[in-house]
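Each remark here refers to the structure printed beneath this line.
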Amino acid sequence: MTEISPLRRRMIDDMTIRNLSPATQRSSLHAVTKFSRYLGDRYRFLEHRFKHWSPDTGDRSALRRLLSALREEGLIPAALPVERTEHEQIVDVFAAYLSNERGLAASTVRSHKLLSHRFLREVCPAGADGFAALTPESIIGYVERHALDGSADSGKAMCVVVRAFLRYLHLKGFISTALADCVPSIRRWRLAGLPTFLPPEKVQKVLDACDRTTAMGHRDYAVLMILAKLGLRASEVATLNLDDIDWQAGTILVHGKGRRQAIMPLRHDVGTAIVAYIRHGRPASACRRLFLRTLAPHVGFASGCAITMIAKQALERAGVDGYAHHGAHLFRHSLATDLLRSGASFAEIGQLLRHRSIDSTRIYAKLDIDKLRELSLPWPGGVQ
């Protein structure tokens, strides 16, 4: 393959622009060289490589860069469009409806697409031709089969999506009968559980376990400070931009659930942690997201899952275990519980956490043992 040498230069230039590390560049070029020697059976290269060499997670990315360079040089035709199955096409139109007409957030639309596609493939394997065969019995049977696949919350989310999808089918005339009402409900009592929380000394232990001599340690510490001191959700931390911080006013703009925005005061200690990350840990990048990946390409996180993983790893690093939940929301619960025990009112806590309903805040009342003890009735016949 005589064209590989100029293509190698193009790939190096592209990887340099993307700020990929020298090690990643060497690994990518090594995979491309192996591929160039294997063109006799080009369609089975990765299978052969994984069988005879230890797999490298960057192999697929390296070959994508090679294909991109080949197409830019006009040496191979453009990629053929991927054919979407009928089920995928139906779900794509449903997602466009949710986004354009219902105004749902992108993360909610992705969740609806996943669950509705799963429902469609099982209940209507024939695609749109099977809509006429939808019956209350088939829908109830689907819910009964999958209600216990996950938690009660997962089951409720599944039912919500199935109802929304069936309403959409009826609204657009795909089915003549309104079947959304036949989707059964999964019972889950509000305020029945107890929020998991950490005492203040364990929260501080997690913060102290961050190695702030490294770039990643600066980033993780700033993330944890925002979670622990401001009570932001994982998705809200992931979507923070540099422009959301008003340093003169000492405020931060939070992009919350349901496309709602709120301006919150920026605590001095949180601001100090963010400044330390920007100065000593944040890689150079044109991306305006506050928190970036430490490995190239240096872009923002795709979702709040990365923030949750940072929180989980921090808890493991500090040796904090034995709790029902390990993630970013644990710090939000811990902040609310600490405020309540310090004398803050439910209204103040709800305002800080940006709850729309007081019921979301009232669950923390069950953690205030001292005040609950004042309300308890004496045991009949005296103390046992």
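The values are calculated or read from the model by the stated rules, or taken from the named source; none is laboratory data. It should be emphasised that the depicted structure is a prediction, and the values quoted were computed from it without experimental measurement. Glycine gets a Cβ as well: all are built from the backbone with ideal geometry, and neighbour counts include every protein chain shown.
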Out of (1) closer than 17 Å to Gln351 by Cα; (2) surrounded by 23 or more Cβ atoms within 10 Å (Cβ to Cβ); (3) of a type in the set (Val, Ile, Thr), the odd one out for Ile263 is which? (2)
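A quick yes/no check of all residues on (1) of a type in the set (Gly, Ala, Ser); (2) not assigned by TED's automatic domain parsing to the domain that holds Lys156; (3) not in a helix (DSSP H, G or I):
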{"position": "Ala78", "(1), (2), (3)": "yes, yes, yes"}
{"position": "Tyr97", "(1), (2), (3)": "no, no, no"}
{"position": "Gly103", "(1), (2), (3)": "yes, no, yes"}
{"position": "Ser107", "(1), (2), (3)": "yes, no, no"}
{"position": "Ser111", "(1), (2), (3)": "yes, no, no"}
{"position": "Ala128", "(1), (2), (3)": "yes, no, no"}
Quick one: what pairs do we get from the range 151-176, first residue touching a residue at least 12 places away in the same chain (Cβ under 8 Å), second surrounded by 14 or more Cβ atoms within 10 Å (Cβ to Cβ) and of a type in the set (S, T, N, Q), C-beta under 9 Å, 6+ apart or different chains? Ala157/Ser111; Val161/Ser111; Val161/Ser116; Val162/Ser116; Ala164/Ser116; Phe165/Ser116; Tyr168/Ser116
Where residues in the range 333-377 are at pLDDT below 65 and assigned to a loop (DSSP other than H, G, I, E, B), which of them is nearest to the chain's Cα centre (by Cα)? Asp368
Quick check on the range 192-229: of everything there that is assigned to a loop (DSSP other than H, G, I, E, B) and more than 14 Å from His333 (Cα to Cα), which residue is modelled with the lowest pLDDT? Ala192
Right, Val183: modelled with pLDDT of 90 or more and under 16 Å from Val91 (Cα atoms) or not? no
Kindly list the number of the only condition in (1) touching a strand residue (DSSP E or B) at 6+ places or on another chain (Cβ under 6 Å); (2) surrounded by fewer than 16 Cβ atoms within 10 Å (Cβ to Cβ) that fails for Thr239. (2)
Could you tell me whether Asp129 is surrounded by 16 or more Cβ atoms within 10 Å (Cβ to Cβ) and either of a type in the set (Asp, Glu) or modelled with pLDDT under 80 (or both)? no
